[in-house]
Amino acid sequence: MEMEKVYDAKKVEEKWVNYWINNKTFSSKIDKTKKSFTIVIPPPNVTGSLHMGHALNDSLQDAIIRFKKMQGFNTLWVPGTDHGGIATQNVVEKLLKKEGKTKYDLGREKFIEKMWQWRQETGDTILDQLKKLGCGLDWDRTRFTMDEACSKAVKRAFKQFYDKGLIYRGKRLVNWCPRCNTALSDIEVEYHPEKGNLWYIKYPIKDSNEFLTVATTRPETMIGDTAVAVNPNDERYKNIVGKTIILPLVGREIKIVADYIVDMQFGTGAVKVTPAHDAVDYEIARRHNLEILEVIDANGNMTGLMEKYKGMSAKDAREQIVADLQEQGYLIKTEDYSHSVGKCYRCGTTIEPIMSEQWFLKVEEMSKRASQAAKDEKVKFYPASWKKPYTLWLDNLRDWCISRQIWWGHRIPVYYCVDEKGNKTNCPPIVEQETPTKCPHCGNTHLVQDNDVLDTWFSSAMWPFSVFNWGENPDNNEELKYYYPTGVLVTGHEILYLWVARMVQMGLEFLNDIPFSDVFIHGIVRDKHGLKMSKSKGNVINPLEIMDQFGTDALRFALAQSAAPGRDMQISNDSFLAARNFANKIWNASRFILMNKGELDISDEPIVKELSDKWILNEYNQTIKAVTRAFEVYDIDVASRTLYDFIWTKFCDWYIELSKIRMNSENVEEKKQVLSVLIYVLKGTIKMLAPIMPFICDELWSIFNNTTDSIVNSSFPVYDEKFVFADEASQMAVVQEIVSKIRNVRSEMNISPAAFITAKINILDDKKTSVLENDSEYIKSLAKIKDLSFGKDIKREKNSALAVATGFEIFIPLEGLIDLEKEKARINKEINNVLSEQEKYNKKLSNPNFVAKAPEAEVARIKQKLADTESKIATLKETLNNL
RNA sequence: GCUCGGUUAGCUCAGUUGGUUAGAGUGCUUCCUUGACAUGGAAGAGGUCAGAGGUUCGAAUCCUCUAUCGAGCACCA
């Protein structure tokens with residue numbers, strides 16, 4: 001097998017993408033001998049194209065799926081897309097606009113046809129991109145939130161809710177987007193600070209010369225005022241509660257009411273109450289039985305409440321009304337005022353609270369259960385800090401406005417019996433899962449379906465079970481029983497309420513079980529300055545370009561490495577570059593091992609012989625423990641960094657370098673011995689890395705095993721007591737210390753890295769003699785020493801440099817004359833280092849409380865350290881004096 | 001306003017239950033094309049762990065307050 005010197009990601013990746021798909025590596029069937037582990041993908045919008053958020057979200061899920069699969073679970077990761085309601089309709093509407101048309105020109109039926117056609121053309125883009133990313137999804141199970149199965153689930157759910165009396169229709173104050181022309185739920189409104197004005201208006205009190213001044217940001221709604229409210233505790237207004245006001249411009253009489261919701265500190269402490277256009281006012285109106293007068297209509301224009309302003313936009317009406325108030329002397333003053341204004345989360349248009357006939361879902365019971373599930377840890381959050389916001393939100397939830405006045409989506413499955421003129425009859429609405437053909441009450445065949453569609457999140461909320469055909473077959477559904485509840489839900493926090501909380505509600509409602517036991521919440525990907533990526537800022541990093549430039553494994557590793565649960569990550573080309581280099585490092589380490597292996601027959605089990613073998617197996621074993629644990633609690637970042645450190649620092653920088661002695665040996669058995677360890681550890685390591693960097697790992701796996709089977713079909717390494725070598729680990733630390741000290745001298749004294757040198761080691765600590773006796777070959781090899789002698793009472797010769805390790809003095813005779821000044825400076829520096837260390841220990845030990853109260857072992861440890869530093873300093877000072 | 005999270009090297013971040021001379025990557029400096037890798041190797045410089053109190057023999061780690069950044073929620077007449 002030819003391996004190129006530089007890892008060629010593109011060549012390798014394409015091959016494995018096809019392999020995994022063609023071999024159905026990730027397809028899953030019910031297998032009751034195995035436990036299932038399921039993830040349902042957060043379905044990206046059909047209109048979408050892969051961005052960094054997807055890349056992060058999906059490579060994390062892929063890592064988890066691959067890890068669990070290698071652990072022996074029957075894993076299933078279900079792919080799919082979301083129809084994306086308003087967002088998608090907006091996209092197609094924009095396309096129409098380019099042709100100079102509106103959806104009304106086409107009509108509902110033709111428009112929906114166009115939507116489907118467009119979906120057909122573009123809908124698979126993002127799925128293809130997920131394939132390129134290497135995602136181990138079961139492609140035969142690809143779902144769409146508006147396909148048959150999901151549609152049936154939606155209808156079944158709606159009917160069950162309806163029959164239980166949880167769904168009702170009514171005219172309520174709702175959030176209305178005048179641009180999208182639809183109602184929105186409370187969480188679909190985003191609040192942004194905006195500069196505006198606060199107008200102070202005089203409201204004359206009837207039968208008196210007095211006025212009550214109100215402050216408002218929305219003077220245009222005053223013509224719909226049906227009261228003025230003050231706080232019952234407000235001394236200023238105590239005597240006027242119950243009195244009547246003559247509404248300026250309108251002349252209508254309204255009452256002054258007392259309500260605790262009014263903040264005495266704000267404005268004048270008197271609030272004009274416009275129930276039809278403000279949530280708080282609406283509440284006040286309900287408490288005081290106030291009349292509700294609509295001022296603004298669904299288009300954002302003034303109603304006919306007052307002829308003068310009829311048909312004006314709310315914005316124009318505001319100017320006109322302020323002008324009129326001013327003219328008639330009612331306006332006292334205008335202040336600049338900054339406040340939060342609700343915006344449509346899909347188009348950014350200012351939300352208009354209006355009265356509107358809508359469908360609502362009562363959520364109180366469901367919310368209680370969903371909240372309790374988290375409180376009982378049946379649904380666990382990673383990180384746990386998201387539990388509180390989640391429960392808090394659920395505990396204070398109001399009914400969910402589920403109807404939307406758009407065309408793209410699940411049409412509400414409610415039918416009305418109508419007469420020949422199309423007017424609704426007195427028969428009750430018909431709610432059936434199957435489309436009814438006649439009215440069950442009167443037999444009439446003239447039926448019309450409700451015009452509204454459901455909130456897109458309604459169908460998303462059922463995703464974890466609708467994908468398993470719950471809509472068609474809710475009971476005795478083997479797949480549902482086997483795969484549900486799923487193992488983990490992976491998402492960013494921005495859809496915790498919109499989606500996650502609702503899935504838990506619906507899962508408990510319809511399946512009487514949570515939809516997933518774990519929720520893994522990752523951060524969002526920001527640019528290198530910490531800013532959110534957005535098209536308008538122009539700081540978007542396209543993952544497809546990164547894949548092209550650095551390789552998909554590099555992209556995945558870079559993301560995984562910074563994906564600490566719950567924390568946002570700043571990412572730049574540097575991260576991808578480092579990850580690409582890492583891939584190359586693994587590639588070349590493998591290439592080196594294979595080159596040496598050649599045609600040799602190597603034992604599958606590691607043949608343990610030397611110190612370094614035991615050391616690396618010990619390290620490898622610890623790595624297994626750490627990585628497994630990290631994957632299990634979704635610390636993918638920890639798993640990544642642990643593997644990076646093990647592979648690069650431990651395996652490559654130390655073990656491979658140490659293995660070169662035996663590799664170069666004439667003795668074939670020796671070579672085979674060290675190769676058995678090298679290959680054993682490398683194979684285990686790429687298994688651990690495979691969930692994160694699947695391409696290169698599968699490629700190497702196939703090369704090493706001369707197999708075509710994917711690495712995900714092998715089993716994840718398991719921690720093994722037989723590889724625990726604590727003594728060898730500390731011996732190796734001694735070797736490493738000596739090597740580092742010698743290298744330091746070499747570097748500081750400008751000894752050529754190519755030169756082989758002589759070194760003499762004076763042993764001060766008898767306990768460490770064995771290390772030199774057994775392992776001096778390592779030191780010679782790594783520190784480039786041709787002649788190494790050691791023993792007790794070895795003295796420094798003239799013209800040698802000194803290095804001090806714990807328990808050793810190392811003398812390095814220099815060619816020619818030693819540069820005295822340089823050596824003095826070097827030793828002085830070292831003395832200072834050790835002195836500062838010594839000072840710390842002295843301070844500790846001179847504290848009687850420390851000696852008395854600290855654990856004995858800790859005191860002993862510090863005493864030993866102090867002794868070490870003292871001996872080092874003595875050696876260094878002596879040498880300095882002799883120079 | 002309330003709640004939560006962050007603040008550690010120039011930059012990006014680690015730091016498990018309090019006890020290592022506070023670590024890594026990147027950038028910087030010096031040296032090196034040595035037969036896996038220059039997408040590499042070796043060495044080095046660089047940090048009052050945001051600040052102030054407190055608990056403790058001992059605090060980057062625990063507690064309180066402050067500053068600052070961010071998120072969520074509420075209010076915004």
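Summary table below
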item: Where a residue in segment A:532-545 is farther than 15 Å from residue A:573 by Cα and its partner, wherever it lies, is open to solvent by less than 100 Å² (accessible area, probe 1.4 Å), with Cβ under 7 Å and at least six apart; result: A:532/A:524; A:532/A:526; A:534/A:540; A:537/A:531
item: Filtered residue count, segment A:608-635, keeping only those that are within 12 Å of RNA strand B (Cβ to nearest atom) and part of a helix (DSSP H, G or I); result: 5
item: Those residues of segment A:84-142 which are hydrophobic (A, V, I, L, M, F, W, C) and free of Cβ contacts under 8 Å to residues at least 60 places away in the same chain, in sequence order; result: A:91, A:95, A:96, A:106, A:116, A:118, A:127
item: Segment A:420-450, residues that are assigned to a strand (DSSP E or B) and under 46 Å from the mean Cα position of the chain (by Cα); result: A:430, A:431, A:448, A:449
item: Selected residue (criterion: surrounded by the fewest Cβ atoms within 10 Å (Cβ to Cβ)) from residues of segment A:637-671 that are within 11 Å of RNA strand B (Cβ to nearest atom) and of a type in the set (Asp, Glu); result: A:653
item: Members of segment A:319-355 that are among the aliphatic types (A, V, I, L, M), surrounded by 13 or more Cβ atoms within 10 Å (Cβ to Cβ) and farther than 30 Å from residue A:88 by Cβ; result: A:321, A:322, A:325, A:331, A:332
item: Residue A:257 vs. criteria out of contact with any helix residue (DSSP H, G or I) (no Cβ under 8 Å at 6 or more places or on another chain), part of a strand (DSSP E or B) and either hydroxyl-bearing (Ser, Thr, Tyr) or touching a residue at least 12 places away in the same chain (Cβ under 8 Å) (or both); result: no
item: Among (1) touching a Ser or Thr at 6+ places or on another chain (Cβ under 7 Å); (2) within 13 Å of RNA strand B (Cβ to nearest atom); (3) open to solvent by less than 30 Å² (accessible area, probe 1.4 Å), the one test that residue A:596 misses; result: (1)
item: Within segment A:677-707, considering residues that are open to solvent by less than 10 Å² (accessible area, probe 1.4 Å) and not hydrophobic (A, V, I, L, M, F, W, C), the one nearest to residue A:576 (Cα to Cα); result: A:694
item: Matching residues in segment A:162-171 - criterion: being surrounded by fewer than 16 Cβ atoms within 10 Å (Cβ to Cβ) and either within 16 Å of RNA strand B (Cβ to nearest atom) or not in a strand (DSSP E or B) (or both); result: A:163, A:164, A:165
item: Residues (open to solvent by 10 Å² or more (accessible area, probe 1.4 Å), not polar (S, T, N, Q) and not in a helix (DSSP H, G or I)) located in segment A:61-90; result: A:72, A:73, A:82
item: Residue match in segment A:744-756 (condition: away from RNA strand B (no atom under 14 Å from the Cβ) and open to solvent by 40 Å² or more (accessible area, probe 1.4 Å)); result: no
item: Residue among A:157, A:183, A:227 that is open to solvent by less than 10 Å² (accessible area, probe 1.4 Å) and out of contact with any strand residue (DSSP E or B) (no Cβ under 8 Å at 6 or more places or on another chain); result: A:157
item: Residue match in segment A:302-318 (condition: in contact with a Ser or Thr (Cβ under 9 Å, 6 or more places away or on another chain), under 29 Å from residue A:242 (Cβ atoms) and surrounded by 21 or more Cβ atoms within 10 Å (Cβ to Cβ)); result: no
item: Pairs where the first residue, in segment A:190-210, is open to solvent by less than 100 Å² (accessible area, probe 1.4 Å) and the second is within 9 Å of RNA strand B (Cβ to nearest atom) and assigned to a loop (DSSP other than H, G, I, E, B), C-beta under 8 Å, 6+ apart; result: A:196/A:217; A:197/A:217; A:198/A:217; A:198/A:267; A:199/A:217; A:200/A:267; A:200/A:268
item: Residues satisfying the stated conditions in segment A:55-110, i.e. under 30 Å from residue A:180 (Cβ atoms), touching a Pro at 6+ places or on another chain (Cβ under 8 Å) and among the acidic types (Asp, Glu); result: A:82
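Residues checked against (1) over 16 Å from residue A:689 (Cα atoms); (2) in contact with a His (Cβ under 7 Å, 6 or more places away or on another chain); (3) surrounded by 21 or more Cβ atoms within 10 Å (Cβ to Cβ):
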site	(1), (2), (3)
A:573	yes, no, no
A:590	no, no, yes
A:609	yes, no, no
A:613	yes, no, yes
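The values are calculated or read from the model by the stated rules, or taken from the named source; none is laboratory data. These figures come from a predicted structure and were not determined experimentally. Ideal geometry is used to build each Cβ from the backbone, glycine not excepted, and the neighbour counts take in all protein chains shown. Accessible surface is based on the protein model in full, side chains and every heavy atom, while ligands, DNA and RNA are left aside. Shrake-Rupley method; radii C 1.70, N 1.55, O 1.52, S 1.80 Å.
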